[in-house]
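> Quick one: the structure is below, questions incoming.
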Amino acid sequence: MPRWWSLPRECRLISESVEATLLILLFVIVAGPIVAERFGVPGLIGLIAGGMVVGPFVLGWVGPAGLLSQLGSIGLLYLMFLAGLSFNMRAFLENRKMAIVYGLLGFVLPFGLSMYVALSFSHLGLLAAALIGAMWASNTLVAYPDVLAAGLQTNRAVSAAVSAGVVADLLALSVLAIASSTAVIEIEGDLVTFASTPDPTLPVFLGIPILIASTLWGLPKIAEWFFVRVGHTRGQRFVFALVGMSAGALVAVLGGVEGLIGAFLAGLGMNRLVPSRGALMDRIEFVGGSLFIPAFLVSIGLSINPAVLFDLDTVILALLFTGLVVVGKTAAALITGFVFKIGMDEVGLMSALSFGQAASTLAIAQVGLSLGFFGQEIVNAAVLTIVSTALITSFATRFFARRVERPPKPEAALGDSVLVDVRPNDSDLKALMQFAGLISPDDGLVVPFAIPNTGLMDVATVLVDQAAAAAAEHGHDSTGLIRVDESFTNGALRLIEQADASLAIFSWAGLQFPSDFVFGNEIDRVGELSPIRMAAVRILGSWDRVVVATGDMSVPWKREDSLMAVSVAQRAAAQASCEMVVVTGDPDSLEAVLRPSELLRFVKSEKLSSQDLAELRTLDLVVVPAHTLAAARGFGQLRLARRFKDVSLAVVAGPHRLTVTTARAKTNARSFVGPTTPSR
C-alpha cells in the first residue's frame, strides 16, 4: 500500500525533472538551517536532515542519484578547495611551534584511539580503521564565531587551535589520499589490492608527485600569469579559480587519488593569489556557501535512513565516537599546555574549540562509504557524533571564553589592507598602484580611494576605477572607495577607520620649498592624527635602483620607522630585480633583517650626503623615514627639494609620525579639485 505522503506516479515523474529537483534542493537549503538554528544546532545539521526528509527513505521526492547527487559531488570538491584557499599561512607561522605540537598530538591521539577501537571491536580492515581514525582526528572550528564574539581571536591558545586544526586536517586528508589511492579487500583468505578510482592513468607513485607539483608549483604560476596578463575582471578570475579546482581534481583522479585531494591542493596553490578579505574570495565563498556546499550536505542526507539513525547500536557507536574525540583532543591540549606553560583556562578553550566535527569528517565518511570501506551505519553514527560534538564545543567554548582575558589587539601586518590615495598628482597612476601592490604581496588588499569636492564625484569615480584596473593588471584584487566629507583630513581619517587599514599611502607632489616648509602640508595633519602607518609617495614611473636612507636609529621610534623604510625598499627592489643601496650609520644591525644579495650595497653614513644626493638618477626610487626630512634645516631643506625633484620618492612613518615638512598643517582645506588643478 502506498504511503499517504508518497507522490502519485505522474507527480513522481515531475519530481524527477531538473526543475523539480532544483526547487526541492533550494527549498531545503533555505529552510533547513533556519529550522535547525531554532533548536540550537548548527545549520549544517538542518541541511542533512532536510536531505533525509526529502530522500528515498521518507518522502521519496528525490532519489539517491541524479542532479542533486552530482551537485553534491561538486560541493565536496568546492568544500575542500575553500579549505585550501582559507589556509592562513601567516597565523600558522606566527604560532608554528605550538601549532605543530598541538596539531600532531591532536591528530595522533584521536587517530590512534579510534584505530585501536575499530580494529579491536569490529571486523573492519586496516584501511577502513585508518579512515575512521582520520575522521575523528580532524576537526572543524564550529564554535569559532563564539571566539570572535568574545574578542579572543588573537589569543595564543585560539591561534594555536586554529593552526593546529589545519595540521590535523592535512594529516587526515593525507590518510584519505593513501587509503583512497589503494583499496584492499580479502577474497577467500587472500588480500587483493586494486585502485579505488576507476582506471587511473598513472600509478600512484607517479600520480601523487605529479599532483603535488602541478597544484603547488604549476597552478600558482599559471594563475599569476592569467591574473596579470588576461583576467582583469573578477568574473574571469572567479571562473579561472573554478578551472584550477577542477584541474587539480582531474589530475588527482588520473593519478589514482580521490579528486577532493586535488581540489584541496589546488586551493593551497592559489592561496596567496586570492586575498582572504578580497572581493574575489567573497564571491568564491558566496557561491560555494550558497549552493554547492549545501548541496553536498543535502546529498548526504539522501542516503540516511531515519529508521536506523536512532537505532540503539547507532547511538552507542555515536557515543563511542564522541568519547574518542573528547578524550583525544583533551589529552592533546593538556600535553601541549604543559609543554608551553599555558593556563588551564586557555587549555580548556583550546580543547573546546577542537571538539567540533563537520567538513573533513563528512568528506572522509562519504568517501569511505562510496569506496565500500564501511557501511551506512558508520555514516549514521558520524552524523549523530557531529551533532553531539557541535553542542559540546559550543557550550564549552562559551564557558572557557568567559574565563580567559581578552588580549590587546595586535598591530596588523604592513600589507594587510593598503589604502591608496589617487588624487591627480605627479605620480604615474599605474606605477603608484604597482608600488602599493609590492607592499601587499600576499593575502593583502590594495584599496584605491578618493575624497572629492562637491560636484566632482564623476571625476573621482573615473580615477578610482582606473586605479582598480591598474591594480588588476598587476594581479591584485582591488575594490575602490569614494567618500564625501567636509575636509580631506576628516574624510581620510574616517576612511582609515572604516576600512580597518594597516597602511595608508598618500599621493604627493614631492617637497615644495619653501611653501610646504613655511605653511605646512595637509599630509602632515593626517599623519599627525593617523592611528596607522602611513607613506607619502610620488612615483614617476618604473625604477631600476632603490636607495633607502635610514637616518638616525638611536631612538626606538626612529628605528621602527627606519626599519619600515628598509622593508618597503627591499620589496620594491626585489620586484624589479634591481640594485638596492642602503645608506645607514649602522649597517651591522641591518644585515640581520636584509637578505644577502649581490644587488645589495651598504653606504655607511647617518644621512644622505651631498655626494649621495648628487649620484641620484632619474630612474631611482628613494625611500626614507619621515624623521630624516624633519631633521633637515635651512639650506638642507632646499637641497633635498632640488635633488628629490626628478626621482620617485616614498616617505614612511609609524602612527601619528608622518611629516613631509617641518611645519604642521594649519588647515583642513579640501584638496581634491579635479585633474586640471592638482593638489600641492
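Each value in this text was obtained by applying a stated rule to the coordinates, not by laboratory testing. Fair warning: this is a prediction, and the values are worked out from it, not measured in the lab. Neighbour counts are summed over all protein chains in view; Cβ atoms, including those assigned to glycine, are modelled from backbone coordinates with ideal geometry.
> Can you bin region 417-653 into rounded, prolate or oblate? Criterion: square roots of the alpha carbon gyration tensor eigenvalues sorted a ≥ b ≥ c, rounded for a/c under 1.5, prolate for a/b above b/c, oblate for the rest.
Judged from the Cα gyration tensor, region 417-653 comes out prolate (a/c at least 1.5, a/b above b/c).
> Determine the distance separating the Cα centre of region 275-345 from the Cα centre of region 352-372; give it in Å without decimals.
7
> Identify the trypsin sites (Lys or Arg not before Pro) of region 76-162 meeting these criteria: DSSP loop state and at most 15 other C-beta atoms within 10 Å of the C-beta.
Sparse-neighbourhood loop trypsin sites (Lys or Arg not before Pro): none present.
> For Ser370, put the label point 7 Å out on the Cα→Cβ axis and report which residues of region 291-324 keep their amide N under 16 Å from it.
Output list for this probe position: 292-304.
> A follow-up question, please. Starting from the Cα gyration tensor of region 290-392, take the square roots of the eigenvalues, sort them a ≥ b ≥ c, and report rounded, prolate or oblate (rounded when a/c is under 1.5, otherwise prolate if a/b is larger than b/c, else oblate).
Here region 290-392 falls in the prolate category.
> Could you put Met457, Met580 in order, starting from the residue whose Cβ has the fewest other Cβ atoms within 10 Å?
Taking fewest neighbouring Cβ atoms as first place, the list is Met457, Met580.
> In what sequence, highest mean first, do 642-649, 117-124, 471-478, 415-422 appear when ranked by Cβ atoms within 10 angstrom?
Packing proxy ranking, top to bottom: 415-422, 471-478, 642-649, 117-124.
> Past 23 Å, Cα to Cα, is the threshold; run Lys430/Lys558; Lys97/Lys329; Lys558/Lys604; Lys97/Lys221; Lys430/Lys645 against it and keep the listed order. Could the numbers behind the result be given before it?
Working: Lys430/Lys558 31 Å; Lys97/Lys329 18 Å; Lys558/Lys604 18 Å; Lys97/Lys221 30 Å; Lys430/Lys645 20 Å.
Flagged as over cut-off: Lys430/Lys558; Lys97/Lys221.
> Okay, next question. Based on the Cβ-Cβ distance from Leu320 to Phe395, what FRET efficiency comes out when R0 is 30 Å, to the nearest 0.05?
Computed FRET efficiency for Leu320 and Phe395 comes out at 0.90.
> Starting from the Cα-Cα distance between Leu594 and Ile100, subtract it from 0.36 nm times their residue separation and give me the gain in nm to one decimal.
Taking Leu594 through Ile100 to full extension adds about 175.1 nm, to one decimal.
> Further question: What FRET efficiency do you get for Asp313 and Arg229 if R0 is 56 Å and r is their Cβ-Cβ distance, rounded to the nearest 0.05?
0.40
> Name the shape class, rounded, prolate or oblate, that the alpha-carbon gyration tensor gives for region 9-401, where a ≥ b ≥ c are the square roots of its eigenvalues, rounded holds for a/c under 1.5, and otherwise prolate holds if a/b is larger than b/c and oblate otherwise.
The shape class here is rounded.
> Oh, and also: Check which residues have an amide H placed less than 5 Å from Phe449's amide H, if you skip close sequence neighbours.
Residues meeting the amide H criterion: Val420, Asp421, Val422, Leu481.
> Check Val603: other-chain or 5+ apart residues with amide H under 5 Å from its amide H, H built from backbone geometry?
Val582, Val583, Thr584
> Between Arg494 and Arg617, what length in nm is gained on full extension when 0.36 nm per residue of separation is reduced by their alpha carbon distance?
Working: separation 123, 0.36 × 123 = 44.28 nm, distance 3.78 nm.
Gain in length upon complete extension: 40.5 nm.
> Let me ask something additional. Quick check on the exposure proxy: order Met281, Met98, Met534, Met89 from fewest to most C-beta atoms within 10 angstrom.
Met89, Met281, Met98, Met534
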